[in-house]
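What follows is a short report on a single structure.
The values are calculated or read from the model by the stated rules, or taken from the named source; none is laboratory data. Because the structure is predicted, anything quoted here is derived from the model rather than measured. Using ideal geometry, Cβ is built from the backbone for each residue, glycine included, and neighbour counts are taken over all protein chains shown. Note: areas computed on protein heavy atoms with side chains; ligands, DNA, RNA excluded. Shrake-Rupley method; radii C 1.70, N 1.55, O 1.52, S 1.80 Å.
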Amino acid sequence: MTYAPKFIKPSRKGDESPKLSNEWVTLNNLRRIETSIVLDLNVLSTMKDVMRGKTNLAESGLEGLVSFFNANSVFITPGFGFSEADKAYIEDLVITYE
């Protein structure tokens with residue numbers, strides 16, 4: 001089974017979590033609201049594997065996510081993903097993320 005990330009919903013206590021969609025990002029942009037997406041370690045690791053040629057974009061399950069990023073004005077950040085693994089692994093993740 002290939003890794004297939006889902007759109008990540010914001011998690012705020014008590015707030016209804018809207019689904020991340022092209023329409024939602026467009027509405028945010030019209031309202032001058034920045035849409036930021038925090039990537040976790042699993043997504044960063046899969047991105048690293050694609051960049052290192054261990055898998056390709058189609059097999060990685062990231063094709064839809066990359067298409068979403070390319071079609072929308074969003075900001076992506078590794079968030080706490082870089083703090084979830086040992087230093088040697090993180091160094092490689094940082095290089096491929098950049």
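Could you put D49, D86 in order of accessible surface area, largest first, with the 1.4 Å probe and the full protein assembly present?
Largest accessible area first, the list is D86, D49.
Annotation: amide H of I76 within the under-5 Å range of I37, sequence separation 5 or more or interchain, hydrogens built in the peptide plane.
If you roll a 1.4 angstrom probe over the protein chains with everything in place, what fraction of the accessible area of the range 42-98 belongs to carbon and sulfur, to the nearest %?
Solvent-exposed carbon and sulfur of the range 42-98 make up 55 percent of the total.
Taking Lys and Arg as +1 and Asp and Glu as -1, the other residues whose beta-carbon sits under 15 Å from that of N56 total 0.
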